[in-house]
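Read the structure below first, then the notes.
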Amino acid sequence: MKLINSTSYCSEKLKEIIKWCMPDGVFLKDIRKIDFGNTKLGWHGRAWGSMRVHIGVPRYGKYIKPYNTGGRKGYLSVETYSWEEGLIELIAHELRHLYQWKKGKYYHGIKKIRKYNMGTRAKLSEVDASLYAKRKVREYRKSNIKFCVI
């Protein structure tokens, strides 16, 4: 995996978060490139079938109130309470898309999540990725791990 980091965050800590968010069946050697960049647009990410990921993060700021990610265009929303939780949610979501690509377009888990598609207009792959990200954020809250990226 090639990590390109043009932010002020520690690359080693970003690698730890990537390893921690990795879905079963996807390995670091499978990923060609992950690049992190600063943005004025807020949190955003993109994953490609060529096993590349782009993560855009805003400049570091303290969380004054909970930040609600998703919830637009039918995506499921995830509430994050810290900078690390927001980063974990975004990385886990995009890595789940790589898992979906590796398993094939109609992998076995899609049918299991139909009950969670609560009237959203999002694709089932987005609902699955949102559910995985929500699960990883909850695991992070329950664990004693702290990724201090600054």
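Annotations
- Cross-link pairs 19/146; 40/136; 102/142 - those with Cα-Cα distance over 20 Å: 40/136; 102/142
- Aspartates and glutamates with Cα under 13 Å of residue 2, excluding same-chain neighbours fewer than 8 positions away: 12, 30, 35
- Restricting the chymotrypsin sites (Phe, Trp or Tyr not before Pro) of segment 1-51 to loop positions (DSSP other than H, G, I, E, B) with no more than 15 neighbouring Cβ atoms within 10 Å leaves 27.
The numbers here are math on the coordinates, done by the rules we state, and not lab data. The shown structure was predicted, so the numbers you read here are calculated from the model rather than taken from an experiment. Note that we place each Cβ from the backbone using ideal geometry, even for glycine, and neighbour counts take in every protein chain shown.
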